[in-house]
1. How big is Rg to Rh over the range 114-157, alpha-carbon atoms, Rh as the Kirkwood inverse-mean-distance radius?
2. Could you go through the range 2-19 in sequence order and give the Karplus-derived ³J(HN,Hα) for each residue, using 6.51 cos²θ - 1.76 cosθ + 1.60 with θ = phi - 60°, rounded to whole Hz, and x for Gly and Pro?
3. Suppose we take every Cα in the range 299-399 and form the convex hull; what volume per residue is that in Å³?
4. Relative to the longest principal axis of the chain, what angle (0 to 90°, nearest 10) does the C-alpha long axis of helix 132-145 take?
5. For the chain, what is the calculated [θ] at 222 nm in deg cm²/dmol (nearest 500), taking -39500 (n - 2.57) for each run of four or more DSSP H residues and dividing by its residue count?
6. When Rg is the radius of gyration of the Cα atoms in the chain and Rh is its Kirkwood radius, what does Rg/Rh come to?
7. Kindly provide log₁₀ I(q)/I(0) values, in the same order as q = 0.16, 0.20, 0.22, 0.23 Å⁻¹, from the Debye equation applied to equal alpha-carbon scatterers of the range 357-457.
8. Could you work out the per residue convex hull volume over the alpha carbons of the range 38-135, in cubic angstrom?
Amino acid sequence: MKEIKQFDVVILGGGLAGVYTALSLDSSLHIGLFIKDKIERGSSNLAQGGIAAEVEWDESRIEEHYEDTLRAGAYLNNPEATKILVEEAGKHIQNLLSIGVHFDKNEDGSLVTTLEGGHRSRRILHAGGDDTGAHVMRDLRDALSKRTNIDVYEDEMAIEILHNENKALGVIVINQQNEEVYVLANRIVLATGGIGGIYKKSTNEKIACGDGIAMAARAGVTIKNMEFVQFHPTGFYVEDQIGKTFLISEAVRGEGGILRNIEGVRFMEKYDKERLELAPRDVVSQAIHREMFDTWSDHVFLDITHKSKDFLTKRFPTIYQHCLENGIDISKDYIPVAPVEHFLCGGIGTDVNGKTSMENLYAVGECANTGVHGANRLASNSLLECIVFAGRIAEVINKEKNQFGKIDVVLPDMVFTHKKYNFKDIRVEIRDVMSKYVFIVRKEEDLMLAKKLLTKHYNNLKKIQVFSRYYYETINMVTVALIIIDQALARKDSIGCHFRLN
Ligand code: SIN
């Protein structure tokens, strides 16, 4: 007997995009929020820098945010979506404040703002100093717990989209008892986050396997701009460390941090004379990569020693403490850093209301490609994208709610095996291949080799269909890795975070 659940709206993912969508939907709607792990483990909780936003309506400052976003994105951005992003920012920050989010404030009660790479003005709001994501998410989870129309399911992973031709009808979920549940819904929102788990080092948790993107791809939904994987210039470098890498926020450079190579020599003037350390991330990561190559080293340094200990402990309490625990007093010592995977600019293609190419299916946050990031995301525009487009999705769904009703679906006969395999070797190889051949600098022959190696795993995985989170995470990883490789092969020229040597 198949277990069936039905909701008005199903949301997959418990980060800012998913939770803010749920909170913005009408409280008369019955919502199922499915999260494959614990709600605290999503990438939004790890965001240090903040949210870029002009809170007051000021046309010239909003225009400047728009231009900074386009410039960072190498003008590959969708102009309409980018305009919406910067113009609707203030409204959603006000909404977060009214929900109870505590952004850092000055003594006079105004919001504190900071600077990050690619921004010409101080417009980044933060919370808890350098712990913005954790603070914002904690306040939103409080709000979520008060909503009786939202059922939250942790440790329940969606594995496939149920659809009839090009119309989404629900998802298949593996529940906590490791049984299949058919979850039907009038509208489905994918907010499943990024792909950091396919690289050896990422600022994301390893659980970021591109699940929503892979599921959408299997259902025939359009996936775009996947070659634009953003590498954060300043992951905290620890020799031989793999997996989740501690981030040294771009805000450290915003407050005057200087990049030095292994010889202690400042180098950014060679790569971007005008913006130096505050050039956008693609420029800085590529500069560091080149500098590491030229100095036969696997890291460079970030120097913030000219700031007082008092300033650093207040402004960057998390970073200060983490570095100290690793033997680095950032008020005296240079911080060892190297680029690591951080953010996927591409994803499931959407229009300006978050609608995908499949009827009734929406995508938002890192798994989506609204077009606002172009070829490289501007710092602190990711949390902003989550709230602006989650808000728009909710607005559309709220207007359509009167059309909702019972969903008729013929449930597919899925034949699963229940093996205990964990596919560890395949996961390790995916991460090795992506980190070696599909990293900051890309070559045709490397991409072809990566494709060959990973296609072999994909074909082997397709031969069986094991009913387990491990299986689906692994096939999702290899699926998104192959899409990245194919789209990287198709784009022959260098632009933004896609740097082709040949
Ligand atoms: C950071 O603090 O450097 C990360 C912020 C972002 O990814 O925009």
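1. Numbers: Rg = 15.6 Å, Rh = 13.1 Å.
Reported Rg/Rh (Cα atoms, Kirkwood Rh): 1.19.
2. Rounded to whole hertz, the list is 7, 7, 10, 10, 9, 10, 6, 9, 10, 10, 9, x, x, x, 4, 4, x, 5.
3. 136 Å³
4. In the chain, helix 132-145 runs at an angle near 30 degrees to the longest axis.
5. For the chain, the value works out to -11000 deg cm²/dmol.
6. For the chain, the value is 0.96.
7. -1.04, -1.04, -1.09, -1.12
8. Values: hull volume 11.7 nm³, N = 98.
It is 119 Å³ per residue.
No lab work stands behind these numbers, since they all come straight from the coordinates. Just so you know, these numbers come straight off a predicted model, no measurement behind them. In this analysis, Cβ positions are derived from the backbone assuming ideal geometry, glycine residues included, and neighbour counts consider all displayed protein chains.
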